[in-house]
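> I'd like to ask you about the structure that follows.
The values are calculated or read from the model by the stated rules, or taken from the named source; none is laboratory data. Just so it is clear, the structure is predicted and the values come from calculations on it, not from any experiment. Here the Cβ is made from the backbone with ideal geometry for all residues, glycine too, and neighbour counts use every protein chain on show.
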Amino acid sequence: MTRIASLALLALAAFAQPVAASTPMTSLILSGASVVLDGDTLAKEQRCLAEAIYFEARSEREDGRVAVAQVVLNRVKSGTYPGSVCGVVYQNRHRRLACQFSFACTGKPLRITEPEPWEEAVRIAREVYEGRIYLEEVGTSTHYHADYVQPDWARKLKKMDVIGRHIFYVEYQRWAAS
């Protein structure tokens, strides 16, 4: 796993404690423009990222969970998807099996039943969100799928890496630009 602090998406002093409403505003730079997030919004964004990690990849090794988080943030930065972590994670959640992340639209309640994987998901979400962890091999990937499915869209994308049970892809124009 490659750790590149210089590619930080978000500079925060610390996120070990829950963010209180009185927390000062924090600047987030995702697509060249600075976005100001208050503590509540920051906490919500981090929770959505942790939920994606937990429900999509909690059985994967750490680099697989990091890669899922990185894909979410890459989508936020892309300009093609919603401009927030929660927007990306829960895009089309009310359309059965038409959402971006399968856990979000199964119609089943989202229950966190495994405390240790949840704590790890929260930690990984924080570290990826803060830019303390970045996987060069995943790069600017905006798509992934499990290795036991073969979606049609995968043929149109550049395969970047396989980590655990997930295969990661980037759009060819983004790959060529990076």
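> Which condition number in (1) within 16 Å of Tyr144 (Cβ to Cβ); (2) surrounded by fewer than 18 Cβ atoms within 10 Å (Cβ to Cβ) is the one that Leu49 fails?
Just one mismatch for Leu49, condition (2).
> Moving on. Please find, among Tyr90, Tyr172, the residue that is modelled with pLDDT under 95, of a type in the set (Ser, Thr, Tyr) and in contact with a Lys or Arg (Cβ under 9 Å, 6 or more places away or on another chain).
Just a single option satisfies the conditions, and that option is Tyr172.
> Between residues in the stretch 111-123 that are closer than 19 Å to Gln70 by Cβ and free of Cβ contacts under 8 Å to residues at least 12 places away in the same chain and residues that are among the aliphatic types (A, V, I, L, M) and surrounded by 14 or more Cβ atoms within 10 Å (Cβ to Cβ), which pairs lie under 9 Å by C-beta distance while being six or more apart or on different chains?
Sorted first by the residue in the stretch 111-123, then by its partner, the pairs are Arg123/Ala50.
> Residue check, Ser27 against (1) touching a strand residue (DSSP E or B) at 6+ places or on another chain (Cβ under 6 Å); (2) at pLDDT 85 or above, all met but one. Which one?
(2)
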